[in-house]
Ligand code: CAO
């Protein structure tokens, strides 16, 4: 009887890949070569096998952990020497060809305009006779350079094969279930000649990029993201010996959309889960015909469901238009931030019954005070006070007065937070990020102004770390420096409210006797109606406006 560490074997050029599935748990008996965990980069996933037989004592990794060769996966109690076998041959590293690496063209002739280019299986390392499990394009489809064409799978890993040419798919030479090897023809692309190389580029370099931080970071929490998907996984379900079969891109899409893949029925080859399966699952949940395990656990009487109207929510596929038919176009990939934020925004928009309430705050005196103090600070070297800093502090005070605003839904429970961390949306060249000023209630306006300035700069420089963007209770989206009158911001789940702010303007305000010029700040508060009803939201808004009109109120 011996206790041994089972480590991640040599997995090629993978490094710092994310643990996406735990396939065993303490107490499980495992055989040599039995898969223990699944790891994933942005293009490939693979299972890590056990080098020994025995009983799992302790898991040393958790979902979301990053692992590399040598990382300890678990400790195993082995039956004795006889059970121990030499470490398994390295699991086939699934070299995921990376656009960035492959985009550096091999010195190969560019094809002539509208030439037909054969696209072949590149060097995919130790993979042999791998099965085509997904056709991601069809004849007539427009494909970009490096766009995934097919997914192939061995018994331990799956990966997407990218196109080495841009253009229109003229023909496909493979079908589902085919076994393919290096050099096999995938199809022919008729293109503009914008090819990286006539044949696929060498994948050895691509494999390096498969584990590049940029790709792994794709799976990291979204800046504006909720820490957990709304349709959260049942943790117990995550520990399952029965893996849902899906390619890395489908797994990623499911994760971003909060779809518990283990609950999706696959319609592809050997029960493989395809993108339409994930989309149909979402449709089913929205239409109330599918209930997730998390929903079942938290089930409340389904108010409003089964109304019998017969009108189902039938999501249409995204319109596919050949824009080039109508004029010149240019296609650019979405930034990583936009992709991550987009998935979160879409979920929050669809799943939160949100209402936006507007209010005007008279900030004439506050702005005069801010300008006066800033003049003094210019001489003394004090911090420049921003309107955003006053808004952050006022919001923290308002959250204390209206605790329902400082909550998050957790099934049928409402989690009340006793801390006051305020996030603010920051516009950056790559998209929107949401850094957090922690414990804003305990900080002076000067401290908040300095800290938010530092965070906004870090955001613009792309230097925000995950810790800078976590733990928010409430978000402010200030467009005041740009303009606008009012807007309807989207609640940043799992928060329950967000404050939108536009540009303050001088307006004639009736004081009971006459119109007087006052500086008016437009506020737009969006709140989750499941937690905050209209009366409460309006009280919050009115209170916030009162504080901004007379800041002495924060002392009350
Ligand atoms: N009314 C009038 N003027 C305002 C104002 C308001 N509500 N808010 C800011 N201003 C002024 C400031 O006083 C500043 O002027 P001075 O330089 O003369 O003092 C100027 O506008 C620029 O302000 P700013 O917007 O650069 O700085 P900020 O501290 O107010 O905001 C930040 C910082 C990070 C919030 C901002 O830069 C930003 O990124 N805003 C965009 C947020 C966003 O995109 N939200 C949308 C999310 S939903 O898609």
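Please treat every number below as a calculation from the coordinates, not as lab data. A quick note: this is a predicted structure, and the numbers were derived from the prediction, not measured. Cβ placement follows ideal geometry from the backbone for every residue including glycine, while neighbour counts extend to all protein chains displayed.
For this structure, a couple of remarks:
- Region 354-555: Cα Rg divided by the 2.2 N^0.38 Å rule of thumb: 1.01
- Distance between modelled label sites at residue 128 and residue 3, nm, 7 Å Cα→Cβ extension: 4.1 nm
- Sites residue 320 and residue 430, calculated FRET efficiency, Cβ-Cβ separation with R0 25 Å, nearest 0.05: 0.40
- Fraction of the pair-distance distribution of region 129-177 above 14 Å, Cα-Cα pairs, percent: 48 percent
- Here the calculated FRET efficiency for residue 552 and residue 329, from their Cβ-Cβ distance with R0 = 60 Å, stands at 0.60, rounded to the nearest 0.05.
- Each label point was placed 7 Å from the Cα along the Cα-to-Cβ direction; for residue 58 and residue 155 their separation is 3.2 nm.
- Taking 0.36 nm per residue of sequence separation and removing the Cα-Cα distance, the residue 176/residue 69 pair yields an extension gain of 35.2 nm.
- Virtual paramagnetic centre 7 Å along Cα→Cβ of residue 516, amide N under 12 Å, in region 350-384: 364-365
- Shown is the FRET efficiency for residue 25 and residue 482, computed with R0 = 56 Å from the Cβ-Cβ distance and rounded to the nearest 0.05: 0.60.
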